[in-house]
Amino acid sequence: MKEWTREEKYRRLQDPSEIEELHKRISRSPYRQVFHVQPVTGLLNDPNGFIFHNGVWHLFYQWCPWGAVHGMKHWYHVTSRDLVDWKNEGVAVRPDRDYDNYGAYSGSAYPTDGKVYLYYTGNHRDPDWKRSSYTNLVKLNDDGTIEKYEEPLFGPHPDYSEHQRDPKILRFENPKKYVILLGAQTKKQKGRILVYTSEHHNRGWSFSGELKVPGFENFGGMWECPSIEHIGDMDVLLFCPQHLFLSGHGEGTNHNGYILGHMNWDTLTFTPEGSFHVFDFGFDSYAAECATIVGEKDKAVLTAWMGLPDASYPVTDEEEWSGCLTLPRELRIRNRRLIQTPLPQLEKLRTEEVDPQLQKLPDACELDITFGPGSHQLNLFTDEQGRGGLQISYRGILQEILIDRSAMKNRFNQEFGELRSRPLPNGLQRLRIFIDRSSVEIFVNDGDAVFSSSIFPTEKEHYFRVDKTEAFRIWKLRSAVGDDFVV
Ligand code: FRU
């Protein structure tokens, strides 16, 4: 695997020609996705600034152009009219000032006056490699031109550690004010959220205090990518606690989840109703970003990075690219849990229906399987004889669904565990599975769980084996994300 020097990782992209060859090379990879947003070159991590504006969905991703390495981060911009077909728009935020000299880190977007404002963290490092974070603003005009504010909105808070980042902008009426939530860490390494307030979206910001979340004062060492959304009659606190072991979620210490509750903006207290739940039970999901649907109070849309911090994906890392975003999902609250289901418009991706008797998996496909009562087992990506693959099983006696990727030829991140599970007290009735060339997303029943994972099947691993089902349908899915070289 390539060893990167600091200079190589932290180069600023000056001209598209610097990565044109790389793009040509990786676009020939058999693992390039066909209906997922993926990096034009290099590495993709968090989704950023997901909003609907003037009839268009805007989404950005953390992007290091040079290869599969967390180096100099830019914001790359993609758009869609329907959350199904996506178009590459080019770089939106470049790290080209002293306050972001080591990267334009994650943040959020707010549309006003016919423009989209992008709030992001400038990752600044001094010559001694000491980090300070600045909250910065970029204006994206409707003609695609970009104006960067010369001065940061505010700098690092002196009472917290160097880990302060990922501004989430929120707007309130009565009284009219703007709030920025910032992920942070105390000097004693406890995860926190800082709250900044202003009467204007682009100036006058001041620190209002720490968000209080009773019962969660000792919950992980840093909280990344925070947000508070209102869905139905509940508030939802979304964040990524780090340095935390959660039982049933493997050996990894980076998690992405939420707490339902009620937010009091006067006292800056989020009162939880229930515990912390992860969004996704699969192997690779982080930094989820929620977008509001205009006119819908009970639903939102969620996408996430199909990857994890501190993980590596050797097959595509070798090819010098890494990561993709999950399919955007519809998000609702049911029985005090957030549930995720595939967007109805994804049916537009279906082309021909394939006979399941062939037991062969097209590169990009959707499976819809209905099960009767009892235990079940499905192995995806087996060889032609039905051996190996990704095992999905439901054991009636345990009332639990298990996903095991240890029998795949390409194994990776084994140290985080190769088995994931989720209790299913009401049994397994239905699986909807979306397979792209290097990912699998498994939706269980009508929103009981979703498992998202990267997967790198070899040429021989394109079959499946299943015991008894009540119904089994497979559709080939068409390409929906242009791999155009727009930088
Ligand atoms: C989460 C994260 C954010 C940061 C960004 C940098 O994956 O570490 O906290 O802003 O990635 O790319």
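Any read-out appearing in this document is the output of simple, stated calculations on the displayed coordinates, not a laboratory observation. Here the structure is a predicted model, which means the values were calculated and not measured. Positions of Cβ are backbone-derived with ideal geometry, glycine not excepted, and every protein chain shown enters the neighbour counts.
Exposed loop sites here are GluC sites (Glu not before Pro) assigned a DSSP state other than H, G, I, E or B and surrounded by at most 12 other beta carbons within 10 Å; excluding them, the longest clear run of the chain is 4-149.
Computing Rg and the Kirkwood Rh from the Cα coordinates of segment 202-348 gives a ratio, Rg/Rh, of 0.99. One quarter of the convex hull surface built on the alpha carbon atoms of the chain amounts to 22.0 nm², the projected area averaged over directions.
Over the residues of segment 118-256, compute the C-alpha Rg and express it relative to 2.2 N^0.38 Å. Intermediate results must be reported in sequence, preceding the final value.
Working: Rg = 16.2 Å, N = 139, 2.2 N^0.38 = 14.3 Å.
Relative to the 2.2 N^0.38 Å estimate, segment 118-256 comes out at 1.13.
Here the Kirkwood formula, the inverse mean of 1/r across different C-alpha pairs, assigns segment 402-462 a hydrodynamic radius of 12.8 Å. From the alpha carbon centroid of segment 244-275 to that of segment 357-419 is 30 Å.
Determine one quarter of the surface area of the Cα convex hull of segment 74-127, which equals its mean projected area, and express it in nm² to one decimal. It would help to have the intermediate numbers written out before the result.
Details: hull surface 18.2 nm².
Result: 4.5 nm².
Our analysis of segment 1-53 gives Rg over Rh at 1.01, with the two radii drawn from alpha carbon positions and Rh computed by the Kirkwood formula.
Length gained on full extension, residue 6 to residue 177: 57.5 nm, using 0.36 nm per residue less the C-alpha separation. Projected label points at residue 415 and residue 20, each 7 Å from Cα along the beta carbon direction, are separated by 4.0 nanometres. Residues within the reach of a label modelled at residue 470 (point 7 angstrom out along Cα to beta-carbon, backbone nitrogen below 16 Å), restricted to segment 358-382, are 368-377.
Rounded to the nearest 0.05, what FRET efficiency do residue 79 and residue 383 give with R0 = 35 Å and r taken as the Cβ-Cβ distance? Could you check?
0.30
Which entries in the list 87/299; 87/190; 2/188; 297/348; 139/190; 9/130 go over 29 Å, if you measure between the two C-alpha atoms of each? Let's see the in-between values first.
Numbers: 87/299 25 Å; 87/190 39 Å; 2/188 35 Å; 297/348 25 Å; 139/190 33 Å; 9/130 17 Å.
Those over the limit are 87/190; 2/188; 139/190.
With respect to the chain, whose longest principal axis is taken over its alpha-carbon atoms, helix 17-26 is tilted by about 20°. Which value in Å is the Kirkwood Rh of segment 367-487 over different Cα pairs? Hydrodynamic radius (Kirkwood, Cα pairs) of segment 367-487 is 15.3 Å. Considering all different alpha carbon pairs of segment 275-369, the Kirkwood hydrodynamic radius works out to 16.1 Å. Along each principal axis, taking the top coordinate minus the bottom one, the Cα set of segment 429-487 gives 47, 30, 19 Å in descending order.
So what is the relative contact order of the chain, in percent, for Cα pairs below 8 Å that sit 6 or more residues apart?
Once divided by the residue count of the chain, the mean separation gives 14 percent.
Which of the peptides 90-100, 473-483 is most tightly packed, and how do the rest follow, judged by the mean count of other Cβ atoms within 10 Å per residue? Write down the numbers at each step before the final one.
Details: 90-100: 19.2, 473-483: 17.6.
Peptide ranking by packing, descending: 90-100, 473-483.
Could you give the distance between the Cα centres of segment 447-482 and segment 143-204, to the whole Å? Answer, in whole Å: 40. Spin-label pair residue 243-residue 296: with each label point 7 Å from Cα along the Cα-Cβ axis, the two points sit 3.8 nm from one another.
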